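Okay, so here's the structure we're looking at.
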Amino acid sequence: STESIFYLGCSLHDYSLFCKTSSKDTELAFRILKNCVDDYFDELPSMASVSYCVGMMYAEGRGCHKNFNRALHYFQQAHDAGYDCSKVLKKKKKNLFGGYNFI
């Protein structure tokens, strides 16, 4: 089911953050979470926080190539859905986006 795939992606992501895993595990977590956000944003719980997570993965290059424009897209999506990501974004904005405040 879609929900079980979502929870698998979240578990793989958390595991990849806290344990030494292969890059394939991190890539799989990225693909699962990105697909869930892209395809099921309105259907599943906690999609705003997952959208933020996908943005961070793009920003840091975890499981994918760094892409600041894609990161911005997912951060904005999370923000629009009510997820407060301003604290972390203020820390990262200079490194990621040349100091521009976009939220």
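The values are calculated or read from the model by the stated rules, or taken from the named source; none is laboratory data. Please read all numbers here as calculations on a predicted model, not as lab measurements. Virtual Cβ from ideal backbone geometry, glycine too; neighbours counted across all protein chains shown. Ligands, DNA and RNA are stripped out before the accessible areas are found, and what is left, the full protein with its side chains, is counted by its heavy atoms. Shrake-Rupley method; radii C 1.70, N 1.55, O 1.52, S 1.80 Å.
Here the mean projected area of the convex hull built on the C-alpha positions of segment 25-89 is 4.0 nm².
When only the Cβ of Lys, Arg, Asp and Glu is charged (+1, +1, -1, -1), the dipole of segment 41-87 relative to its Cα centre reaches about 300 debye. Sorting 53-63, 8-18, 72-82 by their mean Cβ neighbour count within 10 Å, with the most densely packed peptide first, gives 53-63, 72-82, 8-18. Placing S46, S86 in order of accessible area, with the largest value first and a 1.4 Å probe, yields S46, S86.
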